[in-house]
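A.B. asks: One structure coming up, written as structure tokens, with questions to follow.
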Amino acid sequence: MKKPVVLSTIIIALTLTLAVYLLLRPRQSPQNIISHAKSLLLSSPGWKFEESINCSDTYALIRGNVSLNTHEISSSILLIPKFGTPQVYILFANATDSFINYEGGWIRSGGGWKEEDILLFRLLETAGNTTEVYDQVIGEKLKIVFNSTCQDSCLKAFEAISAITGTSIPRPSHVFGEITFSPSGKPQTVLAVFKSQNGRCILKYDLSYNDTLYILKP
């Protein structure tokens, strides 16, 4: 048998094996998948993230680090309103205090944070509480797709988005999106669309777990 034929046979066999595994594997509910992802996140040292928020009247790009070992968050925030002057500032927060670095100076801006305050967890909670939520397997990727009217957890997530961007879009009536998970079960990307009668905000949140965390402190 020629080598290309052998390779083709092996690839077909592996593909069939994967397909049989996916069909016969124990199925978890989407809610259990999301709950397991939260547990994995909370037991991790932390993660890097890049988050873009594109609202009808403003745009924000946030890059940062969440350290659960030291209970610290550090992020840079770029705001580009549709009308007005772009702004760039750095945010730092720990368990008791939060600070904003604006034009080179640190200004105390409030208290500390809890895990449930993190936008990522509010997004996961929003997805888990939607009325239409189901899982998809595409290759080696597992996705959760969700769609619903905007209820309590959705409104809390949107409040966090509004606080970051300063958007004037009214409270959303609808939310939909998807979450992509790594083979280990951790979230890799969250995409969510918050839609109201007079505009929308589209959020994309990407996570990375392999790089060293860098926290910029006051």
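The values are calculated or read from the model by the stated rules, or taken from the named source; none is laboratory data. Please read these numbers as outputs of a predicted model, since none were measured by experiment. Positions of Cβ are generated from backbone atoms using ideal geometry, with glycine treated the same way; all protein chains shown enter the neighbour counts. Ligands, DNA and RNA are stripped out before the accessible areas are found, and what is left, the full protein with its side chains, is counted by its heavy atoms. Shrake-Rupley method; radii C 1.70, N 1.55, O 1.52, S 1.80 Å.
A.B. asks: Check Leu155 against each of (1) free of Cβ contacts under 8 Å to residues at least 24 places away in the same chain; (2) surrounded by 14 or more Cβ atoms within 10 Å (Cβ to Cβ); (3) closer than 27 Å to Thr70 by Cβ and name the one condition it does not meet.
C.D. replies: Condition (3) is where Leu155 drops out.
A.B. asks: Among (1) without any contact (Cβ under 8 Å) to a residue 24 or more places away in the chain; (2) assigned to a strand (DSSP E or B), where does Gly84 come up short?
C.D. replies: All conditions are met except number (2).
A.B. asks: Among the listed residues Ile100, Ile77, identify the single one that is closer than 16 Å to Glu51 by Cα, under 23 Å from the mean Cα position of the chain (by Cα) and not in a loop (DSSP other than H, G, I, E, B).
C.D. replies: Values: Ile100 fails: closer than 16 Å to Glu51 by Cα.
Just one listed residue meets the conditions, Ile77.
A.B. asks: In this structure, does Ile202 turn out to be open to solvent by 60 Å² or more (accessible area, probe 1.4 Å) and either closer than 18 Å to Leu120 by Cβ or among the hydroxyl-bearing types (Ser, Thr, Tyr) (or both)? First the steps, then the outcome.
C.D. replies: Working: open to solvent by 60 Å² or more (accessible area, probe 1.4 Å): yes; either closer than 18 Å to Leu120 by Cβ or among the hydroxyl-bearing types (Ser, Thr, Tyr) (or both): yes.
So Ile202 fits the description; yes.
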